[in-house]
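Trainee: One structure coming up, written as structure tokens, with questions to follow.
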Amino acid sequence: MEALKQIPPVNDVLRAPELAEFHQILAQPLASAIITSVFSEVRTQLTESNNGISRSELTSKIAAEVARRLRETLRTSLRRVINASGVVLHTNLGRAPLPEAAIEHLKEVSICYSNLEFDIKQGKRSKRDVHVASTLQHLLGCETAVVVNNNAAAVLLVLNTLGEGGEVIVSRGEQVEIGESFRIPEIMSRSGARLREVGSTNRTRIADYEKAIGENTRLLLRVHPSNFRMIGFTARPSLKDFVELGRRHNIATYEDLGSGCVVDMERLGIVEEPSAIDSIRSGIDLISFSGDKLLGGPQAGIIAGKKLYLDKIRQNPLFRALRVDKLTIAVLEYVLRAYLRGELDTIPTWKMLQVSELELKNRAENFARRMGPAATPVPLKSVVGGGSAPETYLPSWGVALEFPKIGASQIEERLRRSDPPVIVRVEAGHVVLDFRTIFANEEEELLTIIRGVSRSQ
């Protein structure tokens with residue numbers, strides 16, 4: 001066919017100015033596969049149509065398409081999004097955003113060498129987790145602490161170290177499942193410990209634990225419900241009674257706190273979220289919690305408590321397999337020290353949780369004025385998220401979007417596919433943007449994105 005004769009040699013395409021920026025990678029399999037695919041598609045298009053096009057035009061067109069696909073393929077998959085959902089600790093969106101100053105500290109210690117496992121005073125090898133252990137001792141009042149890659153790993157490590165080959169007693173009402181089908185009974189099985197259930201789904205008393213204690217009992221486990229709440233005819237032993245029972249029988253006590261709050265949340269109207277500091281004060285032997293939930297730091301699993309048990313955990317071969325790298329340690333230490341300095345406003349999670357309803361209302365109304373009739377200020381309810389403070393809502397404000405020729409589902413999709421993606425929620429048939437989770441410095445960019453959506457009606 002005559003049109004096919006206009007297809008240029010591959011070398012002509014490779015030399016085209018459109019591909020100059022990719023010169024060093026054009027011989028890689030990635031580029032070769034894209035070039036082959038584009039040529040194949042061009043042949044099909046020329047076969048199916050008789051549109052006249054010169055060889056030089058076709059060369060430029062092919063090179064431009066190859067360049068476009070290379071840019072798209074080489075672009076990082078993990079990227080920033082604007083969280084307008086109102087979920088502060090959004091698991092799908094990376095949970096806690098990190099303090100900017102923590103990233104500056106991370107940059108300083110990661111682009112050069114660091115004293116990760118080196119004691120500068122003694123001039124000899126050290127352990128990497130000492131950098132956060134001392135900070136956690138000061139913050140929590142614990143004897144010592146270690147850090148692993150997430151709280152699921154922390155639970156596995158504690159159960160394997162202290163419960164392997166024996167029984168771990170836990171209430172039936174605390175055999176929870178959290179994200180990605182992480183179930184307490186299954187993780188206990190993997191740890192080598194045997195589950196001993198006590199009580200009922202809704203009511204467990206301290207006497208139930210005591211009756212179950214036997215010669216094979218290795219650990220008493222208490223699990224924070226995390227992402228659900230039981231109400232009504234319920235009962236659960238106090239932490240004080242739980243600790244005293246362990247002491248009477250000389251059995252280690254362990255509380256999996258999940259979200260790991262270290263400040264008073266009652267001022268936010270959240271009264272049932274356990275405090276890591278209070279747990280340590282109760283005398284419990286071990287606690288564990290996440291670093292990227294209410295703590296507002298990077299993903300990590302923090303195990304804190306009595307040195308006797310933490311020393312055993314350090315000696316477990318699994319500890320090395322589950323340890324964190326210098327990047328996590330750098331950011332986590334910075335966040336922990338921000339708490340010690342009383343600088344909660346430097347931690348984005350806490351800044352979002354504490355922002356006043358009036359401030360959010362003012363921001364939403366100002367944004368709506370600039371946007372025009374398509375945006376209406378509306379009162380909303382935000383949530384903490386990340387399995388923290390279930391069924392607890394924070395009063396918030398945002399805007400509802402409505403475009404005459406575009407439905408809510410289309411608006412949601414277009415915002416989600418924007419650059420950067422904007423993640424919203426749909427309520428009562430309207431797309432709403434909750435300003436609790438929108439950073440102030442994102443508003444101008446968000447306004448531009450929404451105006452672009454409105455012009456595309």
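We did not get these values from a lab; they are worked out from the coordinates using the rules stated. Here the structure is a predicted model, which means the values were calculated and not measured. Please note: Cβ atoms are built from the backbone with ideal geometry, for glycine as well, and neighbour counts cover all protein chains shown.
Trainee: Name the lysines eligible as straight-distance cross-link partners of K107: C-alpha to C-alpha under 18 Å, and not fewer than 8 places from it in the same chain.
Mentor: K326
Trainee: Using the 10 angstrom Cβ neighbour count as an exposure proxy, how do I302, I184 rank, fewest first?
Mentor: I184, I302
Trainee: Within straight cross-link reach of K361, meaning Cα distance under 29 Å, which lysines are found once same-chain residues fewer than 8 apart are removed?
Mentor: The reachable lysines, counting only those whose Cα sits under 29 Å from K361, are K293, K351, K381, K405.
Trainee: Computed over the Cα atoms, what is the radius of gyration of the stretch 2-74 divided by 2.2 N^0.38 Å, N being its residue count?
Mentor: Dividing the Cα radius of gyration by 2.2 N^0.38 Å gives 1.07.
Trainee: Oh, and also: Which distance in Å, rounded to a whole number, links the C-alpha centroids of the stretch 80-116 and the stretch 330-366?
Mentor: The two parts, judged by their Cα centres, are 14 Å apart.
Trainee: Find the centroid of the Cα atoms in the stretch 271-320 and in the stretch 378-457, then give the distance between the two in whole Å.
Mentor: For the stretch 271-320 versus the stretch 378-457, the Cα centre distance is 36 Å.
Trainee: Could you line up S279, S56, S418 from fewest to most neighbouring Cβ atoms inside 10 Å?
Mentor: S56, S418, S279
Trainee: Another question, then. How far is it, in nm, from the label point at N362 to the one at A440 when both lie 7 Å from their Cα along the line to the Cβ?
Mentor: According to this spin-label approximation, the distance is 0.9 nm.
Trainee: Okay, next question. Using the eigenvalues of the Cα gyration tensor, what equivalent ellipsoid semi-axes result for the chain when each is taken as the square root of five times the eigenvalue, whole Å, largest first?
Mentor: 50, 30, 22
Trainee: Please tell me the relative contact order of the chain in percent, rounded to the nearest whole number, where contacts are Cα pairs under 8 Å and at least six residues apart.
Mentor: Relative contact order, the chain: 19 percent.
Trainee: Just order 282-293, 329-340 by mean Cβ neighbour count inside 10 Å, highest at the front, would you?
Mentor: Averaged packing, sorted descending, gives the order 282-293, 329-340.
Trainee: Could I ask something else about it? List the residues, sorted by chain then number, that are 5 or more residues from V378 or on another chain and whose placed amide H is less than 5 Å from its amide H.
Mentor: G398, V399, A400
Trainee: Let me ask you something else. What order, most packed first, do the peptides 19-25, 254-260 have when packing is the mean number of other Cβ atoms within 10 Å of each residue?
Mentor: 254-260, 19-25
Trainee: If you don't mind, another one. In debye, nearest 20: dipole of the stretch 2-74 around its Cα centre with unit charges on the Cβ of K, R (+) and D, E (-)?
Mentor: Roughly 80 debye for the stretch 2-74.
Trainee: Also: For E343, E266, E174, what's the fewest-to-most ordering of other Cβ within 10 Å of each Cβ?
Mentor: Lowest count first: E266, E343, E174.
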